[in-house]
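Below is one structure; the comments refer to it alone.
Please treat every number below as a calculation from the coordinates, not as lab data. Values in this document were obtained by computation on a predicted structure and should not be read as measured data. Neighbour counts are summed over all protein chains in view; Cβ atoms, including those assigned to glycine, are modelled from backbone coordinates with ideal geometry.
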Amino acid sequence: MADGGLQIESQVGEGTSIRLYLPTTPAGAGLSIGSRKERASSLGTSQMKILIVEDQPDVRAHVEKLLKRAGHIVTSAADAKSALDVLELETDFDVLFTDVVMPGGMNGVQLAAAASKILPTLKVLYTSGFPASAFDEIGVDGWHQLALLSKPYRSAELYHAINQLANT
């Protein structure tokens, strides 16, 4: 099955077996990792330095992996205080990608305001699993004007949102 295919076999009392055959490719095709800039270019992005702030370790690790795969330089922090500590040491970030609701007394909007004092050119992309209307309850003013990526999101949506920031 050089072109790929799907085979399903089922027998009463025995169960079902599903086999997926992927198409073959010439030796070495698609195996080149390439440089970060080449990968970023293939995804329609330019390489950026991104600071991720996410309190959930699994989500943070996954987003970090996705953005690195897209060719970006990524640093991550678990909370606003840690993020500000990073920004005090490294002031060459292009994007702050932060959760809106975080523990520790500072939400993502407050973090962005403090970060912009350190790095005024920093672009901000927010994310949240809460409905936007819940931001009023936690005191986030002007939430309807935020560049907001709602959780859960697909990798393509993340790449698109990052690309939009790069082009603003």
Checking rank on 157-166, 8-17, with mean other Cβ inside 10 Å and highest first, the result is 157-166, 8-17
What distance in nm separates the two pseudo spin-label positions at Asp85 and Ser155, each 7 Å out from Cα along the beta-carbon direction? 3.1 nm
Centre separation in Å (Cα based) which lies between the range 62-81 and the range 83-100: 11 Å
